[in-house]
Amino acid sequence: ANALSELAVNADNKIAIAGAIPLLIAQLRDGDADEISSAAHTLEMLCVDNADNQVAIAAAGAIPLLLVLLRYGDAEGRENAALALRVLIHNADNAATLKREGYKAVSHAAQYGFKPCQEILSVLDQL
């Protein structure tokens, strides 16, 4: 996932790498702490400025898995989960899903000064 994350910075690569979304979701679900964190980071990079990937990643089941990582992951995993969620909510349906399924987890992290979660809450509170 680390190599994919580096490739995902380039907009042209995001389309080609999108085929790896199911593998990244599996890694997010079943990997060790480093693999999970890396998968979350790669998913974030695939979502930046790519609406199709935002939809595909959410449809593949990323939001509930990212919320688990946000609540129970190590510091790096929590940060990568929050950053991925922050990009995923650029899609209105994803934002509505996150508000419905994960508002409490995001709010809890925001209360402890976690800046990406504070930014997510400001968007969710406007829905």
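The values are calculated or read from the model by the stated rules, or taken from the named source; none is laboratory data. Here the structure is a predicted model, which means the values were calculated and not measured. Methodologically, a virtual Cβ is constructed for each residue, glycine included, from the backbone with ideal geometry; neighbour enumeration extends over all protein chains shown. Heads up: the accessible areas ignore ligands, DNA and RNA and are worked out on the full protein's heavy atoms, side chains in. Shrake-Rupley method; radii C 1.70, N 1.55, O 1.52, S 1.80 Å.
Collect the residues in segment 61-86 that are small (Gly, Ala, Ser), surrounded by fewer than 19 Cβ atoms within 10 Å (Cβ to Cβ) and either under 10 Å from the mean Cα position of the chain (by Cα) or farther than 20 Å from GLY113 by Cβ (or both), keeping them in residue-number order.
Within segment 61-86, GLY61 is the sole residue that qualifies.
With respect to ALA96, determine if the residue is within 14 Å of the chain's Cα centre (by Cα) and either touching a residue at least 12 places away in the same chain (Cβ under 8 Å) or open to solvent by 60 Å² or more (accessible area, probe 1.4 Å) (or both).
The answer is no for ALA96.
With the structure loaded, tell me whether GLU44 is free of Cβ contacts under 8 Å to residues at least 40 places away in the same chain, of a type in the set (Asp, Glu) and touching a helix residue (DSSP H, G or I) at 6+ places or on another chain (Cβ under 6 Å) or whether it fails that test.
So GLU44 does not fit the description; no.
Output the residues belonging to segment 30-42 that are loosely packed, with under 15 Cβ neighbours inside 10 Å and part of a helix (DSSP H, G or I). Please lay out each step first, then the result.
To start, the set of residues in segment 30-42 that are loosely packed, with under 15 Cβ neighbours inside 10 Å comprises 30, 32-34.
Once the filter is applied, which keeps residues that are loosely packed, with under 15 Cβ neighbours inside 10 Å and part of a helix (DSSP H, G or I), segment 30-42 yields ASP30, ALA33, ASP34.
Farther than 23 Å from LEU23 by Cα, in a loop (DSSP other than H, G, I, E, B), open to solvent by 20 Å² or more (accessible area, probe 1.4 Å) and touching a helix residue (DSSP H, G or I) at 6+ places or on another chain (Cβ under 6 Å): is that true of LEU121 in this structure? Step through it out loud before you land on a result.
Working: farther than 23 Å from LEU23 by Cα: yes; in a loop (DSSP other than H, G, I, E, B): no; open to solvent by 20 Å² or more (accessible area, probe 1.4 Å): yes; touching a helix residue (DSSP H, G or I) at 6+ places or on another chain (Cβ under 6 Å): yes.
In short, no.
Pick from ILE21, ILE57, ILE89: which is of a type in the set (Val, Ile, Thr), within 19 Å of GLN118 (Cβ to Cβ) and open to solvent by less than 20 Å² (accessible area, probe 1.4 Å)?
Working: ILE21 fails: within 19 Å of GLN118 (Cβ to Cβ); ILE57 fails: within 19 Å of GLN118 (Cβ to Cβ).
Answer to the check: ILE89.
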